[in-house]
1. Of all accessible surface on the chain at a 1.4 Å probe, what whole percent is carbon and sulfur?
2. Going from the alpha-carbon gyration tensor of region 1-125, what semi-axes, largest first and in whole Å, does one get by taking the root of 5 times each eigenvalue?
3. Using only the Cα atoms of region 84-136, construct the convex hull and provide its projected area averaged over every direction, in square nanometres to one decimal.
4. Each residue of region 15-21 in order: what ³J(HN,Hα) in whole Hz does its phi give by Karplus 6.51 cos²θ - 1.76 cosθ + 1.60, θ = phi - 60°, with x for Gly and Pro?
5. Using mean Cβ contacts within 10 Å as the protection proxy, how do 22-30, 70-78 order, highest first?
6. Which order do the peptides 186-195, 134-143 take when ranked by the mean count of other beta-carbon atoms within 10 Å per residue, highest first?
7. Just for region 89-223, what percent of DSSP beta bridges are antiparallel, to the closest 5?
8. At q = 0.12, 0.23, 0.26 Å⁻¹, what is the log10 ratio I(q)/I(0) for region 152-217, with the Debye formula run over Cα points and no solvent?
Amino acid sequence: ISQPLLECAYRHAADALSHLANAQVWGIQCDFHHLPLYAELFESTKDRPHRRLFCMLGGTLANLDHELRVLHQSLLDCQVDDLLLLDLPLARAPCTDRAEIKRHDPLFTAGMPAPYAAWLACPLWRHCPQAEEIDFHWELETQCPIPGSYALHAVATVKSALRADRQFSLFRVGRYDPNQLTLCLRDLGWEEIGAMLYGGDHSLRLYRKQSRVYGPTQARPTS
């Protein structure tokens, strides 16, 4: 929804794909929470045998408040054999063990990184003119929509001598058990067909849209 970011992304994509004669690059300023409303995204390929690839990279999935709702509602118009590529930060411990998460998750063990704090504090300094100090900490959420996942919330405490301390939740980062996410997406009609680990604690997962949705109690046919 940011025009400057959209322009930057468009220029980068156009330059990176300029050597491919059949690649068309275009951009649309919209909200992917309401993707089915933008019919022009689908009209050009619906009657052609081209497979589409939907990418949610750079922590996009991990920042959502309800990942499954967005994946279900925003991808309603996907066709059989369309692809979905997700970038997943991986859980460092079972979501049922808060002590292990706090012991092993690097954001908990290292505290709030200085670049995160500087970035997140900007709107607070602008809109809280009486602020004298802003401290950050992580809060753990284990009751998340996707089984096996947990989330860290960046919480800021704004301090001032003129009023009581105030707290604001500014940022969410999810962590996922890829096996349990795969089961959830299978129930939405997406079958995992590939996976690759990178960076030590992230995974790229590729899913393909199936011809039918199998519920949690339904078995898939075997060949």
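The values are calculated or read from the model by the stated rules, or taken from the named source; none is laboratory data. In this text, all values refer to a predicted model and were calculated from it rather than measured experimentally. Ideal geometry is used to build each Cβ from the backbone, glycine not excepted, and the neighbour counts take in all protein chains shown. To get the accessible areas, we keep the full protein, side chains included, count just its heavy atoms, and leave off ligands, DNA and RNA. Shrake-Rupley method; radii C 1.70, N 1.55, O 1.52, S 1.80 Å.
1. 54
2. Semi-axes from the Cα gyration tensor: 33, 20, 15 Å.
3. Working: hull surface 24.2 nm².
If you wrap the Cα atoms of region 84-136 in a convex hull and average its projections, you get 6.0 nm².
4. Taking θ as phi minus 60°, the curve returns 5, 5, 9, 5, 7, 9, 4 Hz for region 15-21.
5. 70-78, 22-30
6. Descending mean neighbour count gives 186-195, 134-143.
7. Antiparallel bridges make up about 95 percent of those DSSP assigns within region 89-223.
8. -0.53, -0.99, -1.08
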